[in-house]
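Report on one structure; see the data block that follows.
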Amino acid sequence: MPFSDFHGNAEIVHRIREMLERDRFPHSVILAGPPGSGKYTLATMVARAMNCLERPTEGGLPDFCGQCSNCVRIGQSEDLGARLAEAVEARDALKETEKKETRLFVQTHPDVLVIPPDPPQMMIKVDQVRHVIDTIYFRPSEARERVFIFTDSAFMKEAANSLLKVLEEPPEFATIFLLARNPGELLPTIRSRSMILPLLCLSSSEIDTYLARHRPEWSAQQRALVARLSEGAVGRARSFNLAEYAAGRANAITLLSTALRSGDHSELFKMTESYRPGAEGREKMDLLIRCLYSLLEDLLFLESGSQDLVRNTDILPELRRLAQTASFTWLVAATEALGNVERGIRRNLLRSLSLDAFEATLEAPLK
Ligand SMILES: [Zn+2]
């Protein structure tokens, strides 16, 4: 449970704990890094270290016990996916009028507030920031430090401007975390009032070592594959669902090989029809798109003679067969067409239709 459970980025963790030790932790911190690099986990760990009732130390630096009432309650936020699903469900159950006025938050401790991007636009909204402003100037009730964690850097314009006002005069007992894939998305004036701490990706071999400890049921070959596919993101590696990925990738291969060989479409239509509306279909579609990108990228690697960069190493013979019929131009066009599908889905076009349209685009140059 303590900081030693955080994998990778040891220097940043050390720096954070030194700042905690000297009681010089900044009021606003941007944790920057790719998805899965541990930004959220680290933020909740710091929130626990700030407020742990036992205040243990390790190697002379502050740590947290994971067991006191503050640690336990803050720790309940750690499974962000589950907490978010609960919050969305609770809001969906409200009356239409109340629903409109209810903004999304995750709060498992009275002094620690998690602010996620609000669906369906998936942006942080001004009402969410207003709620932060309404509460941030009250002294913490059960903790030493009030902690606010914005889990995404996509702010509506008005929301960003409101946040800026808080950052200009933050109360001494509050800490704001801004988690950002790319800190460049945040207003320069927000960046300049925050300390930016970058979390780096881990190497494939570091991820492999981690998986050997945490997913002992996986074979060495499976670990190596996941280490490559998770692109250095330890969170993604740990929760990687190999069976689900294999299913999505099989569909992606059907799409690409049907387009390349311009053959029988019955299997393809059966597959695209299985992409239904609703949340479940959405996840399935997101996975399919990720798999398509990953395969197209691998094919481009093969095409340019960089076989050692291929990620889907377990299906190399199959990729080679596909690469024989796919030209460089076709691969680039396919990647662009995939971008259009992605945008179409964000506009909520019927999923199976946008897949069929994608297929038609891919086949066009061959006819
Ligand atoms: Zn504790």
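The values are calculated or read from the model by the stated rules, or taken from the named source; none is laboratory data. In this text, all values refer to a predicted model and were calculated from it rather than measured experimentally. Here Cβ is always computed from backbone atoms with ideal geometry, including for glycine, and neighbour counts include all displayed protein chains. What goes into the accessible areas is simple: the full protein's heavy atoms, side chains included, and nothing from ligands, DNA or RNA. Shrake-Rupley method; radii C 1.70, N 1.55, O 1.52, S 1.80 Å.
When residues of the range 327-342 are filtered for being open to solvent by less than 60 Å² (accessible area, probe 1.4 Å) and polar (S, T, N, Q), how many remain?
2
Within the range 76-101, take every residue that is more than 16 Å from the ligand (Cβ to nearest atom) and part of a loop (DSSP other than H, G, I, E, B) and give me the one that is farthest from the chain's Cα centre (by Cα).
Among residues in the range 76-101 that are more than 16 Å from the ligand (Cβ to nearest atom) and part of a loop (DSSP other than H, G, I, E, B), the one farthest from the chain's Cα centre (by Cα) is LYS95.
If I ask for residues that are under 20 Å from ALA174 (Cα atoms) and over 27 Å from the mean Cα position of the chain (by Cα), which ones from the range 55-75 would you list?
ARG55, PRO62, SER69
I'm trying to understand the selection: among the residues of the range 227-250, which are assigned to a helix (DSSP H, G or I) and more than 20 Å from LYS284 (Cβ to Cβ)?
Listed by number, the residues that qualify are ALA227, ARG228, VAL234, GLY235, ALA237, ARG238.
Filter the range 48-75 down to the residues that are assigned to a helix (DSSP H, G or I) and open to solvent by less than 50 Å² (accessible area, probe 1.4 Å), then identify the one that is nearest to the ligand (Cβ to nearest atom).
Result: CYS71.
Results for (1) modelled with pLDDT under 95; (2) out of contact with any Ser or Thr (no Cβ under 9 Å at 6 or more places or on another chain); (3) of a type outside the set (Gly, Ala, Ser), shown as yes or no for each residue.
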| position | (1), (2), (3) |
| --- | --- |
| ASP92 | yes, yes, yes |
| GLU98 | yes, yes, yes |
| THR102 | yes, yes, yes |
| PRO119 | yes, yes, yes |
| VAL126 | no, no, yes |
| VAL147 | no, no, yes |
| ALA159 | no, yes, no |
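Can you tell me how many residues in the range 127-145 are open to solvent by 40 Å² or more (accessible area, probe 1.4 Å) and of a type in the set (S, T, N, Q)?
Count: 1.
Could you tell me whether LEU104 is within 25 Å of ARG236 (Cβ to Cβ), in contact (Cβ under 8 Å) with a residue 24 or more places away in the chain, outside any strand (DSSP E or B) and open to solvent by 20 Å² or more (accessible area, probe 1.4 Å)?
no
Name the pairs whose Cβ atoms lie under 7 Å apart, with the first residue in the range 346-362 and closer than 16 Å to THR258 by Cα, the second at pLDDT below 65, and 6 or more positions between them or separate chains?
No pair meets every condition.
Hey, could you check the range 107-122 for residues that are assigned to a strand (DSSP E or B) and within 24 Å of PHE173 (Cα to Cα) and say which is most open to solvent (accessible area, probe 1.4 Å)?
Filtering first and then ranking leaves GLN107.
Working only within the range 308-324, note down all residues that are in contact with a Lys or Arg (Cβ under 9 Å, 6 or more places away or on another chain), under 17 Å from LEU260 (Cβ atoms) and open to solvent by 50 Å² or more (accessible area, probe 1.4 Å).
None; the set is empty.
Within the range 260-311, restricting attention to residues that are modelled with pLDDT of 75 or more and acidic (Asp, Glu), which residue is farthest from PHE328 (Cα to Cα)?
Result: GLU283.
Can you give me the number of residues within the range 17-47 that are part of a loop (DSSP other than H, G, I, E, B) and open to solvent by less than 20 Å² (accessible area, probe 1.4 Å)?
Filtering the range 17-47 for residues part of a loop (DSSP other than H, G, I, E, B) gives 22-27, 33-38.
So of that shortlist, the ones also open to solvent by less than 20 Å² (accessible area, probe 1.4 Å) come out as 33, 37-38.
Adding up the residues that qualify gives 3.
Could you identify the single residue in GLY305, GLY339 that is part of a loop (DSSP other than H, G, I, E, B) and not charged (D, E, K, R)?
Working: GLY339 fails: part of a loop (DSSP other than H, G, I, E, B).
None of the others qualify; the one that does is GLY305.
Just a yes or no: is a residue in the range 80-94 over 27 Å from ASP118 (Cα atoms) and out of contact with any strand residue (DSSP E or B) (no Cβ under 8 Å at 6 or more places or on another chain)?
no
Got at least one residue in the range 211-223 being in contact with a strand residue (DSSP E or B) (Cβ under 8 Å, 6 or more places away or on another chain) and surrounded by 15 or more Cβ atoms within 10 Å (Cβ to Cβ)? If you could, list the steps in order and put the result at the bottom.
Looking only at the range 211-223, we keep the residues that are in contact with a strand residue (DSSP E or B) (Cβ under 8 Å, 6 or more places away or on another chain), and these are none.
Scanning the range 211-223, I find no residue that is in contact with a strand residue (DSSP E or B) (Cβ under 8 Å, 6 or more places away or on another chain) and surrounded by 15 or more Cβ atoms within 10 Å (Cβ to Cβ), so the answer is no.
If you take the residues in the range 1-16 that are outside any loop (DSSP other than H, G, I, E, B) and open to solvent by less than 40 Å² (accessible area, probe 1.4 Å), which one is nearest to VAL132 (Cα to Cα)?
ILE16
Checking the conditions here, which among ALA159, ALA174, ALA227, ALA252 is of a type in the set (A, V, I, L, M), touching a residue at least 60 places away in the same chain (Cβ under 8 Å) and buried (at least 17 other Cβ atoms within 10 Å of the Cβ)?
Selected residue: ALA174, the only one of ALA159, ALA174, ALA227, ALA252 that is of a type in the set (A, V, I, L, M), touching a residue at least 60 places away in the same chain (Cβ under 8 Å) and buried (at least 17 other Cβ atoms within 10 Å of the Cβ).
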